[in-house]
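Structure record follows, encoded as structure tokens.
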Amino acid sequence: MRMINLCMGLFTAFLAATAVAQDLPKIQPSVWTTHPDAAAFEKTENGRLDAAQRSIDKILSVKGARTIDNTLSGYDEALRQINAAGYFSGLMEAVHPDAAFRDRATAMTRKVSAAQTALSLNRGVYEALAAIPAAQADPATRYYLKRQLLEFRLAGVDKDDAVRGRLKKLSDELTEEISTFERNINDGQKIIEVHDAAELSGLPKDYLDAHKPDKNGVIHITTDYPDYGPVMDFAASDGLRRRLSLAFNTRAFPQNRDVLAKMLETRYEIASLLGYASWADYYAADKMIGNGARIADFIRDLDKAVRPVADREFQMLLAQKRKFDPQAATIGVQEKSYYQELVRRAKFDFDSQSVRPYFPYPAVKQGILDTAATLFHVTFRREENTPSWDPTVETWLALDSGKVIGRFYLDMHPRRGKFSHAEMSPLLDGIRGKQLPEAVLICNLPRPSDSDPGLMDYEDVQTFFHEFGHLMHWILGGQQQWAGISGISMEADFVEAPSQMLEEWLHSPQVLASFARDYKSGQPIPADLVLRMNRASAFGRANYVGQQNGYTALSYDIYNAKPQDVNLDAIADRDALKYTLFTALPGTHVYASFGHLSGYSSAYYTYMWDKVIAEDFFEQFDSKNLLAGDTPMRYRREVLEPGGSMSANDLVKNFLGRPQSMKALQRWMAAEFDTAPP
Ligand SMILES: [Zn+2]
């Protein structure tokens, strides 16, 4: 059995000491067993890249007929090594406590990325894979080959030298443009001045405490989210919200107008050289959605599904506004969140602070583990005394019928220099009989202490469920024959479906009652509080989806046209007007700070596409008893376990018996109007 490329001597000792149960000798040592310092980390990483290169050289030196054994196996081994190197350096960048180590990890990530690019443009490897007679292979292997060959062609590997040279140059330019675009956004913070403290009326006390006037009596408010969000939600002053909204939506303008225009040109030329009519078409070619026209269809269908519910929500906001302004007929973008909060409190009688005592971190963690164990028919076992990069990190094994099927690390609390959002960070691809899938949950949830039980907000608990959905997908999908079809390697526009679906478990009074207990009294969360929480969180969903659809249209429209025909401001204004009900503020340029236009480019539809699938999946479960019946196991078998061994379109059809529809999403959006008992 092949191990990850660390120190074999130590592994053996480690295994001998812990080999108690029958399956344990099969467990690979944890990544931190050798306590690597930066030099040892680099040695490991370089060792992986060298092993990948040896594997590639071996494929290229094969004489005679190509077979799965003499070619695809070596290719997959190269992929496994390069992936492992990339996952590890990415993880270290995100979590290592030492800044110098993190910098060396960043340099390593660049090196791994260069190796990936070189492999994707290696014509010899492409031709070797293309020469494998696939007809006799099993369906998963056939699908793997077909998909890899498509990816090679999308990289331009089969073009002549001149075109490949040009593609390489364009790709370098694109990398530079993306980085400039994102840097401009990161550096694009704006600050507004407030000269009259009364303008902050409505904001919570902790916000006021953090925003005291300076010696000249001026209060400074930035466009960063912790400053911006509360003003939009709570500030009674429309003038303040208007000024901050304008500042927020002109970040990185005008600089990014030109950068984005250049990016559109670069991408259009890449798509043209590869034989596609637009970047939107090119970029959709290896996704579930397949081509650009289907993105347009999706936007149109989603708009139809949203409109009736969005209108209903809008009328409630308008009624609220008319209490202050009886003649009001419109609601500005800067008023939306503010009136939404007022309606939530008035109509749904829900204060988000009231649920926090039911969500102390240790109970939530155990509750999520127990829920996932029942739902996915697995068990979890803590690995005690396993070393890791920080003493707060926990290591766990996932078991199926007593057999270890994966390992995960929980790095759940904030730390200086740590990645500040939430993500599942893969660590090893799962390969059946060869390598256990491993991953790390990186979150920033409250840490329990002597004085504080680590009470979590509703959104925190939702994030935990979401990321755990990715983790289960990684582990249960990580039992494939090849690294290249393992875990979440399917089309990129499916990956957020299982994670978004698991968020729904948080809405179940039955599931919540099993772990959400008041940390003082031990009483379970009352069902009527869950109902009010669910209604309040449902209010505003349709207008949110409408706004997302407007962004989706922007992302599609600018990449679907010839760059010389694109007027960024005209398209951004038109799409906002067409898909949302709120009146825009003149003078905003939202595209300049819309970071996803660089990374996701034309594929911003992914979020709503996967939300549609997630809600459709969720409706297949018994809402009265989400953990019972055949559906959980069927979901595991038909959706998660296949990993990337078939198209996600087939996973969806296998589970639903049909392609996804928007009906479930429509019910989800209108849940606050639902009068049926929970
Ligand atoms: Zn996610």
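The values are calculated or read from the model by the stated rules, or taken from the named source; none is laboratory data. Computed from a prediction, not measured in an experiment: that's the story for all the values here. A quick note on method: Cβ atoms are made from the backbone with ideal geometry, for glycine too, and the neighbour counts reach across all protein chains shown.
Numerical summary
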{"read-out": "Check on residue 617, of a type in the set (Phe, Trp, Tyr), over 28 Å from residue 146 (Cα atoms) and surrounded by 22 or more Cβ atoms within 10 Å (Cβ to Cβ)", "value": "no"}
{"read-out": "Test for residue 426: is it away from the ligand (no atom under 16 Å from the Cβ) and either among the β-branched types (Val, Ile, Thr) or touching a strand residue (DSSP E or B) at 6+ places or on another chain (Cβ under 9 Å) (or both)", "value": "no"}
{"read-out": "Unmet requirement for residue 266, which otherwise passes all of (1) more than 30 Å from residue 161 (Cβ to Cβ); (2) hydroxyl-bearing (Ser, Thr, Tyr); (3) surrounded by 15 or more Cβ atoms within 10 Å (Cβ to Cβ)", "value": "(1)"}
{"read-out": "Any hit, region 551-563, residues being hydroxyl-bearing (Ser, Thr, Tyr) and either in contact with a strand residue (DSSP E or B) (Cβ under 9 Å, 6 or more places away or on another chain) or modelled with pLDDT under 95 (or both)", "value": "no"}
{"read-out": "Candidates 588, 606, 580, filtered to the one that is in contact with a Phe, Trp or Tyr (Cβ under 8 Å, 6 or more places away or on another chain), surrounded by 15 or more Cβ atoms within 10 Å (Cβ to Cβ) and polar (S, T, N, Q)", "value": "606"}
{"read-out": "Among residues of region 199-215, those that are out of contact with any Ser or Thr (no Cβ under 8 Å at 6 or more places or on another chain) and either of a type in the set (Asp, Glu) or not in a loop (DSSP other than H, G, I, E, B) (or both), counted", "value": "7"}
{"read-out": "Selection within region 451-470 - modelled with pLDDT of 95 or more and over 12 Å from residue 368 (Cα atoms)", "value": "470"}
{"read-out": "Any hit, region 620-642, residues being surrounded by 15 or more Cβ atoms within 10 Å (Cβ to Cβ), acidic (Asp, Glu) and more than 28 Å from residue 371 (Cα to Cα)", "value": "no"}
{"read-out": "Test: residue in region 170-181 that is in a loop (DSSP other than H, G, I, E, B) and either under 25 Å from the mean Cα position of the chain (by Cα) or in contact (Cβ under 8 Å) with a residue 60 or more places away in the chain (or both)", "value": "no"}
{"read-out": "Index of the failed condition, residue 257 passing every other in (1) surrounded by 19 or more Cβ atoms within 10 Å (Cβ to Cβ); (2) touching a helix residue (DSSP H, G or I) at 6+ places or on another chain (Cβ under 7 Å); (3) under 30 Å from residue 193 (Cα atoms)", "value": "(1)"}
{"read-out": "Verdict on residue 314 being part of a helix (DSSP H, G or I) and either more than 25 Å from residue 497 (Cβ to Cβ) or more than 29 Å from the chain's Cα centre (by Cα) (or both)", "value": "yes"}
{"read-out": "Criterion violated by residue 264 - all others in (1) closer than 25 Å to residue 563 by Cα; (2) among the hydrophobic types (A, V, I, L, M, F, W, C); (3) touching a strand residue (DSSP E or B) at 6+ places or on another chain (Cβ under 8 Å) satisfied", "value": "(3)"}
{"read-out": "Wholly enclosed helices (runs of 4 or more DSSP H) of region 434-528 bearing at least 1 residues away from the ligand (no atom under 12 Å from the Cβ) and buried (at least 23 other Cβ atoms within 10 Å of the Cβ)", "value": "458-476, 509-513"}
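Residues are listed down the side, and each one gets a yes or a no for (1) under 15 Å from residue 502 (Cβ atoms); (2) surrounded by fewer than 17 Cβ atoms within 10 Å (Cβ to Cβ); (3) out of contact with any helix residue (DSSP H, G or I) (no Cβ under 7 Å at 6 or more places or on another chain); (4) in contact (Cβ under 8 Å) with a residue 12 or more places away in the chain:
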position: 363; (1), (2), (3), (4): no, no, yes, yes
position: 373; (1), (2), (3), (4): yes, yes, yes, no
position: 388; (1), (2), (3), (4): no, no, yes, yes
position: 396; (1), (2), (3), (4): no, no, yes, yes
position: 401; (1), (2), (3), (4): no, yes, yes, no
position: 407; (1), (2), (3), (4): no, no, yes, yes
position: 416; (1), (2), (3), (4): no, yes, yes, yes
position: 420; (1), (2), (3), (4): no, yes, yes, yes
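Yes or no, residue by residue, for (1) crowded, with 18+ Cβ neighbours inside 10 Å; (2) more than 28 Å from residue 458 (Cα to Cα):
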{"residue": "537", "(1), (2)": "yes, no"}
{"residue": "546", "(1), (2)": "yes, no"}
{"residue": "561", "(1), (2)": "no, yes"}
{"residue": "565", "(1), (2)": "no, yes"}
{"residue": "569", "(1), (2)": "no, yes"}
{"residue": "575", "(1), (2)": "yes, yes"}
